[in-house]
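Contents: one structure, followed by commentary.
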Amino acid sequence: MAFEELLEDPVVQKYLNELVGPKGMPVAAAPPDGEVTDEELAERLGLELNDVRRALFILYENDLASYRRVRDEDSGWLTYLWTFEYDNIPGNMMDEMERLLEALDERREYELDNEFYLCEVCSIRFEFDEAMDLGFECPECGSQVESMENEHLIEAMDERIEDLEHELGVA
């Protein structure tokens, strides 16, 4: 996938937005070619310098940006020159999908291994042991808690797990 196509992909845009948030999205959505300083980005995009720096460090933590430090000979000040590394986006997204698949598998096992009770007034869910300790009464409102079926939740997880396995090519 070409660089421009990658940035136009709504899934990639959502991924970047989840990482840097709405204030950092202008930084993530329009990476310049070559090296750029945080001050240049802030000026070019009309953003607060702190918002730009926050977005850059988040991108750095996720291997989507790198920097090199240059010390000014006269003042001794350090300047950070940033480079965007968006070739790592597909790999990062695959890693994220693998973590999600693992979490869904664990949650599915938890749902299968436990019996749940629900207070229909407060919408609080309890495991069987908790409900038994409470005398099958909601501690918030005193209503009886009722046995809760979770097949629909498990079915939804099964569908999502299947989709992720398909996307990852492990099914």
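Only the coordinates and a few stated rules stand behind these numbers; no lab work does. Since the model is a prediction, treat every value here as computed from it, not as a measurement. In this analysis, Cβ positions are derived from the backbone assuming ideal geometry, glycine residues included, and neighbour counts consider all displayed protein chains.
Largest GNM mean-square fluctuation among Ser66, Ser147, Ser123, using the chain with Cα springs under 10 Å: Ser123.
Remark: the Lys14-Asp133 segment gains 38.5 nm on full extension, using 0.36 nm per residue and subtracting the alpha carbon distance. Spin-label model, Ser123/Met94: points 7 Å from Cα along the beta carbon direction are separated by 3.9 nm. Here is the result for region 8-115: no trypsin sites (Lys or Arg not before Pro) lie in DSSP coil with at most 12 other C-beta atoms within 10 angstrom of their C-beta.
Scanning residues 5 or more positions from Glu115 or on other chains, those with amide H under 5 Å from its amide H are Phe128, with H placed 1.01 Å from N in the peptide plane. Relative to the longest principal axis of the Cα atoms of the chain, the long axis of helix 89-113 makes an angle of roughly 10 degrees.
Taking Cα atoms, how many degrees apart are the long axis of helix 10-29 and the longest axis of the chain, rounded to 10 and kept between 0 and 90? With rounding to tens, the tilt is 60 degrees. Among the GluC sites (Glu not before Pro) found in region 1-103, those both in a DSSP coil and sparsely packed, with 11 or fewer other Cβ atoms within 10 Å of their Cβ, are Glu48, Glu73. Cα extents for the chain along the principal axes, largest to smallest and rounded to whole angstrom: 75, 40, 24. Computed over every Cα-Cα pair of region 91-168 and binned at 10 Å starting from 0, the pair-distance distribution P(r) comes out as 19, 36, 25, 16, 5 percent. Near the amide H of Glu120, within less than 5 Å, lie the amide hydrogens of Glu146, all on another chain or at least 5 residues away, with H placed in the peptide plane. In a Gaussian network model over the chain where Cα atoms closer than 10 Å are linked, find which of Gly46, Gly24, Gly76 has the largest mean-square fluctuation. Of the options given, Gly76 has the highest mean-square fluctuation. On the beta carbon distance between Met25 and Trp77, with R0 = 41 Å, the FRET formula returns roughly 0.90.
Note down the net charge around Val121, summing +1 for each Lys or Arg and -1 for each Asp or Glu among other residues with Cβ under 12 Å from its Cβ.
Details: positive: none; negative: Glu120, Glu137, Glu140, Glu146.
Taking every other residue near Val121 into account, the sum is -4.
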